[in-house]
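Trainee: The structure follows.
Laboratory data are not the source of any read-out in this text; all were calculated from the coordinates shown. Because the structure is predicted, anything quoted here is derived from the model rather than measured. We place every Cβ from the backbone using ideal geometry, glycine too, and count neighbours over all the protein chains shown.
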Amino acid sequence: MNLAALQTFVAIVETGSLVRASERLHVTQSTVTMRLKALESELGQTVLNRQKSGVTLTPAGTKLLNYAQIMIGLWRQAKLEAGLPTGVNMICNFGCTPDLWPIGGKRIFDMIRARNPDIALSVYHGSPDVLDRWMAAGQIDLCLTREPVARKGQSVMALPADDLALYSDRPDTPVRSGSNYIFVDYGEDFRRSHGEEYHDAGTARTTFNSASAALDFLLEVGGSVYLPRSLVASRPDAARLHEISEAPLFELGTYLLMHETARNNWGWIVDGF
């Protein structure tokens, strides 16, 4: 099976169209079409439904996608390890959500470098969904995330939880502050707990899925928002914010997701916590 055809198939799925896939891969649209036809011919199955609004996966395409990502990831890993520079005996691909980098990701990065000077370390930032795909495809060996999805051959290590506290640019901000409240979507568990505490509150006018972005917005515009205490503590420019002590606190989990082979070979990562 042609690796370029698999890469093209994955690019079409991720971008949603043959045109955008050709732009990502820097090839013509006719080349993308030719590769897709060759892939479907070899499989004897249609893997994508082509419509004016974009493409959707067929049942066969859904099954192929996971294997395609894994094969592409393994090939990328093989190329990296086969081309290790002199003095480097292994490579570690570490994934991390952007929000967790300043409050845990950087510490893990520094720990790996300090304990293994002969390791080549690559860092990839992505959303929990993207990290999950990268883990499934073998593109990363471990990741720091708020939303772990452990698949076969992977393990999850729970790290100390983070406190979510209500912060504001004004010390007299009421707990239920109205139109200047900024909502951050930390996932299903937080939405449920937040909804129980604030069942009588309306829908926030401003919503983020990133605590760092919400913090930047709060510092620029003002208002109030639930943020991890560790994130606020890591930002010197957030020192002027006020924690609203009367507001309820929430917990936000942090997890280290690892392939079991990485966990077995690199036990020093686990020992570091």
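Trainee: Mind telling me which of 129, 185, 110 comes out most flexible in a GNM of the chain, alpha-carbon contacts under 10 Å?
Mentor: Top of the fluctuation ranking is 110.
Trainee: Further, regarding this structure: Given the options 211, 120, 233, which has the most mean-square fluctuation in a GNM of the chain, springs set between C-alpha atoms less than 10 angstrom apart?
Mentor: Answer for the Gaussian network model of the chain: 233.
Trainee: Lys/Arg Cβ at +1, Asp/Glu Cβ at -1, dipole of the chain taken about the Cα centre: which of 121, 236, 66 is farthest positive-ward?
Mentor: 66
Trainee: With both partners inside the chain, how many of the DSSP beta bridges are antiparallel, as a percent to the nearest 5?
Mentor: Numbers: 24 of 39 bridges.
Percent antiparallel among DSSP bridges in the chain is about 60.
Trainee: If you line up the Cα atoms of the range 3-72 on their principal axes, what length do they span on each, largest first, in Å?
Mentor: Principal-axis extents of the range 3-72 (Cα, largest first): 25, 25, 20 Å.
Trainee: Pop a pseudo-label 7 angstrom from the Cα along the beta-carbon direction at both residue 107 and residue 23 and give the gap in nm to one decimal.
Mentor: For residue 107 paired with residue 23, the spin-label model returns 4.1 nm.
Trainee: Classify the range 161-252 as rounded, prolate or oblate from the Cα gyration tensor: take a ≥ b ≥ c as the square roots of its eigenvalues, call it rounded if a/c is under 1.5, otherwise prolate when a/b beats b/c and oblate if not. List each step's numbers first, then the result.
Mentor: Values: a/c = 1.42, a/b = 1.21, b/c = 1.18.
Note, shape of the range 161-252 comes out rounded.
Trainee: Considering the values [x] 17.5, 51; [y] 19.3, 57; [z] 22.2, 67, which represents Rg and Dmax of the Cα atoms in Å as calculated for the structure under consideration?
Mentor: Correct label, based on the coordinates given: [z].
Trainee: Considering only the range 161-252, what is the antiparallel percent among its DSSP beta bridges, to the nearest 5? Mind showing how you got there, number by number?
Mentor: Details: 10 of 15 bridges.
Given both bridge residues lie in the range 161-252, the antiparallel proportion sits at roughly 65 percent.
Trainee: Please check: in the Gaussian network model of the chain (C-alpha springs, under 10 Å), which one of 239, 136, 158 has the largest mean-square fluctuation.
Mentor: 239
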